[in-house]
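One structure is given here, and the rest of the page talks about it.
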Amino acid sequence: MSATDLTDADYRSGRIKLHTPEDFEGMRAAGRLGAECLDMLTPYVVPGVVTDDLDRLAREFILDHGAIPACLGYRGYTKTVCISPNHIVCHGIPGERVLREGDIANIDVTVIVGGFHGDTSRMYGVGPVAPRAKRLVDVTYEAFERGLAAVKPGARTGDIGHAIQSYVESMRCSVVRDFCGHGLGRVFHDAPNILHFGHAGTGEVLRPGMFFTIEPMVNLGKHPVKLLADGWTAVTRDKSLSAQCEHSVGVTETGAEVFTISPTGQFKPPIVSA
Ligand code: MF3
Ligand code: CO
Ligand code: CO
């Protein structure tokens, strides 16, 4: 979501939903289907594939499982997934574009199962990719893991952002500022905002029952992005490569539960370096 979608009042109000054990069950079902949808796409992400065909496969998969594609019709978006190759940061719109060998691409899907949103994305390598592209993907996944490790009751949202930003910058990459993680559950984009940068000890206090996404966008170059004329596609201003991964998580009594883990263990792609 856009970092400006929630008002300061939402963010400070402290009115962040604390979910029940039944809601955790709901998120497990939604999260699993989201992950399975991305698993299903994996063998199709090959040189020559048309991004619209990947979108159709995802839509059919979700509908066949009795679920709802959350992005379809969301704020006028007309596709099921976002596909964001190379210097596209996020919200790339599937269409005529063909993926080529050496591309790296994020695919982001959100499904609604039993009223709950499962929102997840991962990177795919299209055939062998350049070493610097593989390195960017590795940094992005490690950044996610560092953010996730900061999630526990009593910690703050800023601890997540700080863990991500300090690691990413130590690797001479940059964290996108204009998009952030978000609360979710029965609502797609809710409080709190989860910024992927910031200061430890700041922001909302995490409590058991909070649900939100962590979805860092990491650039090989500088962090500024610009929006293309379609109103959705965000690209790096310096045209450097960008990567992202996303899970939906819940705060537990002891740490975090990740709802969008694939039963087959897929999430971090087996990217082959050229
Ligand atoms: N799944 C995206 C997220 O992580 C939201 C996409 S909204 C859409 O929040 F309309 F572009 F699909
Ligand atoms: Co999200
Ligand atoms: Co998403």
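Based on the Kirkwood radius over alpha-carbon pairs, what is the Stokes-Einstein translational diffusion coefficient of region 92-168 at 25 °C with 0.890 mPa s viscosity, in µm²/s?
The Stokes-Einstein estimate is 165 µm²/s.
Using 1/(1 + (r/R0)^6) with R0 = 22 angstrom and r between the beta carbons of residue 238 and residue 268, what's the FRET efficiency to the nearest 0.05?
In this case the efficiency is close to 0.25.
Sum -39500 (n - 2.57) across every DSSP H segment of at least 4 residues in the chain, then divide by the residue count to get the 222 nm mean residue ellipticity, nearest 500.
It lands at -8500 deg cm²/dmol.
Please compute the net charge surrounding residue 95, taking Lys and Arg as +1 and Asp and Glu as -1 over other residues with Cβ under 11 Å from its Cβ.
-3
May I ask you to rank 262, 273 by accessible area, largest first, using a 1.4 Å probe over the protein chains only?
Sorted by accessible area, descending: 273, 262.
Mind computing the radius of gyration and Dmax over the alpha-carbon atoms of the chain? Å is fine for both.
Looking at the chain, its Cα Rg and Dmax stand at 17.1, 49 Å.
When Lys and Arg each count +1 and Asp and Glu each count -1, what net charge do the other residues less than 14 Å away from residue 252, Cβ to Cβ, add up to?
It works out to a net charge of -1.
Averaging over every viewing direction, what projected area does the convex hull of the Cα atoms of region 55-207 cover, in nm²?
With every direction weighted equally, the projected area is 9.9 nm².
In nm, what is the difference between 0.36 nm times the number of residues separating residue 178 and residue 22 and their Cα-Cα distance?
Taking 0.36 nm per residue and subtracting the Cα distance, the gain is 52.8 nm.
Within the chain, which is the longest segment that contains none of the GluC sites (Glu not before Pro) sitting in a DSSP loop with at most 13 other Cβ atoms within 10 Å?
For GluC sites (Glu not before Pro) (loop position, at most 13 other Cβ atoms within 10 Å), the longest site-free span of the chain is 102-252.
On average, how much accessible surface per residue is there in the chain, in Å², for a 1.4 Å probe, leaving out ligands, DNA and RNA?
Spelled out: the 1.4 Å probe surface of the chain, per residue, equals 41 Å².
I need two numbers for region 18-74: Rg to one decimal and Dmax as a whole number, Cα atoms only, in Å.
Reported Rg and Dmax, both Å: 13.7, 45.
Would you mind telling me the share, in percent, of accessible area of the chain contributed by carbon and sulfur at probe 1.4 angstrom?
Carbon plus sulfur share of accessible area: 53 percent.
What net charge is computed for the residues neighbouring residue 51, neighbours being all others with C-beta under 11 Å from the C-beta of residue 51, Lys and Arg scored +1, Asp and Glu -1?
Net charge around residue 51: -2.
Fully extended, how many nm does the chain gain between residue 42 and residue 169 (0.36 nm per residue separation, minus their Cα-Cα distance)?
Value of the extension gain: 42.7 nm.
Going down the table (152/226; 79/239; 134/239; 134/268), which pairs top 22 Å between alpha carbons?
Pairs exceeding the cut-off: 152/226; 79/239.
The values are calculated or read from the model by the stated rules, or taken from the named source; none is laboratory data. Remember, it's a predicted structure, so these values are computed and weren't measured experimentally. Cβ coordinates were reconstructed from backbone atoms using ideal geometry, including for glycine residues, and neighbour counts include every protein chain displayed. When the accessible area is computed, the model is the full protein with side chains, heavy atoms only, and any ligands, DNA or RNA have been set aside. Shrake-Rupley method; radii C 1.70, N 1.55, O 1.52, S 1.80 Å.
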